[in-house]
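Here is the structure we will look at.
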Amino acid sequence: MKHIANHPATADMQALDAAHHLHPFTDTAALNKVGARIITSAKGVMLRDSEGNDILDAMAGLWCVNIGYGRDEMADVAARQMRELPYYNTFFQTSHPMVIALAEKIAALTPGDLNRTFFSSGGSDANDTNIRLVRHYWASLGKPEKTHIIARQNGYHGSTLGAASLGGMAAMHAQGGLPIPDISHIAQPYWYAEGGDLSPEEFGLKAAQTLATEIERLGEENVAAFIAEPVQGAGGVIVPPETYWPEIQRICDAHEILLIVDEVITGFGRTGAWFGSETYGIKPDIMTIAKGLSSGYQPIGGSVVSERVAAVFAEKGGEFNHGYTYSGHPVAAAVALENLRILDEENIVKTVATETAPYLAQRWAELGQHPLVGEARISGLMAAIELTPDASARAPFLEPGSVGPICRDHCFGHNLVMRHVGDKMIISPPLVISKAEIDTLVDTAHKALDLTLADATKHGLMKAGSR
Ligand SMILES: *Cc1c(COP(=O)(O)O)cnc(C)c1O
């Protein structure tokens, strides 16, 4: 592994970090007490920190490093592109070879007639684009009153004002007066916590039907779109019951609304197909992409639109008064294109589908048998376990959110990055993870669960609460 040997001492970097760096999604006071863990290099699925520890990254960064770390081809392509054309914009009737090639490749890979991409720098701004895009679409068709967007509780669509409003994260809405007007949130298909006595299939139908109820409440003539993730990621890897997406699709087809599918996590192989829309049989009018599009090597995202949507722009939209300085950035586009070449030519998505996802599913199910675990669920190479004081009752802890962080710390202490969402533990490893590395991941998680159970018992945290 390449190692930058000359960085300053860890404590010095932590002090400077605390003095000058405001971290995203972080309690700054709590961070400054312990100091940030400083990652200095990475290769494959392994991170190295400034103390020389090698850590298995079961989150692929933030769900994004699909091809794994340290691919020289990606660096070479970026350097070549910076020398040739480091920047040019795509406003004002100009384009450049890399963004053209990338847009064509995305059109070829995405299902159905999703053939045109509006580029952004990430998922949040792509979803902001989607808000403006669907409203402009309906206005262009003479229906300017169709502005309302229906989203879901506990969905995640990013952190800008618009994207966080589409998201259904209560903690985000609590800061800064969100959501913005004309966005509302329906039920999520989270059977484990919200299914009660219904079977997962019954509950999936019931959750989907809240979309029809909401369209009726608002009046179809006021609704522009519905947005959802095929599998909720940041919400806790919530895999919907099998009945959910077919019913959502039926409701969208029966109404005059657009379906926006946020594939920022599920895109580019995560669920064992190129797109979650294929895994779950969804037909999006607009697809949000980012993260795995470049495997995180460069910031790039986009909104891929169907012919139905594109036609309105081509025929009667006039100017779309919207764009980003870095829409279709040439270096990001070149790097994304190389990432897609690697995913494609090295059969990475197929290997996930036929080998590593089935193997992880089998080993992940073993964690479901642990006394601290109420459910183990998985879709391709994204998975979750629910920690519980009483598995048979699917009970939450009396103090919600008290046990997940303990488990996360035990994982980190054993050189495994696993994330907690409340008392759920989640993973989304690089798609190139091997079976031997899956063994290390699951064995370490098992050890962490044992230690967590001992701690939770010792500290009196194993009391059940109610939903
Ligand atoms: C991460 C994420 C986003 C936001 O992407 P950023 O690049 O962080 O702006 C949007 N949607 C989903 C489903 C995500 O997981």
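The values are calculated or read from the model by the stated rules, or taken from the named source; none is laboratory data. Since the model is a prediction, treat every value here as computed from it, not as a measurement. Cβ: placed from backbone, ideal geometry, glycine included. Neighbour counts: every protein chain shown. We work out accessible area using only protein heavy atoms, side chains counted, and drop any ligands, DNA or RNA first. Shrake-Rupley method; radii C 1.70, N 1.55, O 1.52, S 1.80 Å.
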Considering Asp49, Asp54, which residue is open to solvent by less than 50 Å² (accessible area, probe 1.4 Å), over 23 Å from Val237 (Cβ atoms) and of a type outside the set (Gly, Ala, Ser)? Asp49
Considering each residue of the range 115-140, count those that are more than 16 Å from the ligand (Cβ to nearest atom), surrounded by fewer than 24 Cβ atoms within 10 Å (Cβ to Cβ) and not charged (D, E, K, R), and give that number. 5
(1) surrounded by 19 or more Cβ atoms within 10 Å (Cβ to Cβ); (2) more than 16 Å from the ligand (Cβ to nearest atom): which one isn't true of Ile342, the others all being true? (1)
Flagged pairs (Cβ under 6 angstrom, 6 or more apart or on separate chains; first in the range 257-273, farther than 13 Å from Met382 by Cβ; second in a loop (DSSP other than H, G, I, E, B)) are Leu258/Asp285; Leu259/Pro284; Leu259/Asp285; Val261/Ile282; Val261/Pro284; Asp262/His157; Asp262/Glu229
Test result for Ala273, within 21 Å of the chain's Cα centre (by Cα), within 15 Å of the ligand (Cβ to nearest atom) and open to solvent by less than 40 Å² (accessible area, probe 1.4 Å): no
With respect to the numbered conditions (1) over 30 Å from Val77 (Cα atoms); (2) modelled with pLDDT of 95 or more; (3) among the small types (Gly, Ala, Ser), which one is the sole condition not fulfilled by Gly318? (2)
Which residue, of Leu62, Leu85, is open to solvent by 50 Å² or more (accessible area, probe 1.4 Å), within 16 Å of the ligand (Cβ to nearest atom) and touching a helix residue (DSSP H, G or I) at 6+ places or on another chain (Cβ under 9 Å)? Leu62
Being more than 15 Å from the ligand (Cβ to nearest atom) and small (Gly, Ala, Ser): is that true of Gly323 here? yes
Only one of (1) in contact with a Ser or Thr (Cβ under 6 Å, 6 or more places away or on another chain); (2) not in a helix (DSSP H, G or I) is not met by Ile406, so which one is it? (2)
Could you grab me the full set of residues in the range 151-184 that are closer than 15 Å to Ala228 by Cβ and away from the ligand (no atom under 16 Å from the Cβ)? Ser184
Matching entry among Gly328, Gly317, Gly296, Gly292 (being surrounded by fewer than 24 Cβ atoms within 10 Å (Cβ to Cβ) and either in a helix (DSSP H, G or I) or on the phi > 0 side of the Ramachandran plot (or both)): Gly296
Check whether at least one residue in the range 406-426 is in contact (Cβ under 8 Å) with a residue 60 or more places away in the chain, open to solvent by less than 10 Å² (accessible area, probe 1.4 Å) and under 25 Å from Thr279 (Cβ atoms), and report yes or no. yes
Which residue, of Ala353, Ala376, Ala361, is outside any helix (DSSP H, G or I) and open to solvent by 30 Å² or more (accessible area, probe 1.4 Å)? Ala376
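Keeping to the range 278-298, report how many residues are away from the ligand (no atom under 16 Å from the Cβ) and over 24 Å from Glu247 (Cα atoms).
Final tally of qualifying residues: 0.
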Do you know which of the residues in the range 299-314 that are surrounded by 23 or more Cβ atoms within 10 Å (Cβ to Cβ) and within 16 Å of the ligand (Cβ to nearest atom) is farthest from Gln249 (Cα to Cα)? Ile300
Condition set of a type outside the set (Asp, Glu) and touching a Phe, Trp or Tyr at 6+ places or on another chain (Cβ under 8 Å), scope the range 346-375, selection nearest to Gly276 (Cα to Cα): answer is Val349
Could you go through the range 364-372 and let me know if any residue there is within 15 Å of Asp443 (Cα to Cα), in the same structural domain as Ser428 (by TED's automatic domain parsing), at pLDDT 95 or above and touching a Lys or Arg at 6+ places or on another chain (Cβ under 6 Å). no
Conditions (1) more than 30 Å from Asn339 (Cα to Cα); (2) touching a residue at least 40 places away in the same chain (Cβ under 8 Å) -> Ala384 fails only (1)
Hand me the list of helices (runs of 4 or more DSSP H) wholly inside the range 103-198 holding 3 or more residues that are more than 30 Å from Leu337 (Cα to Cα). 123-140, 170-173, 191-194
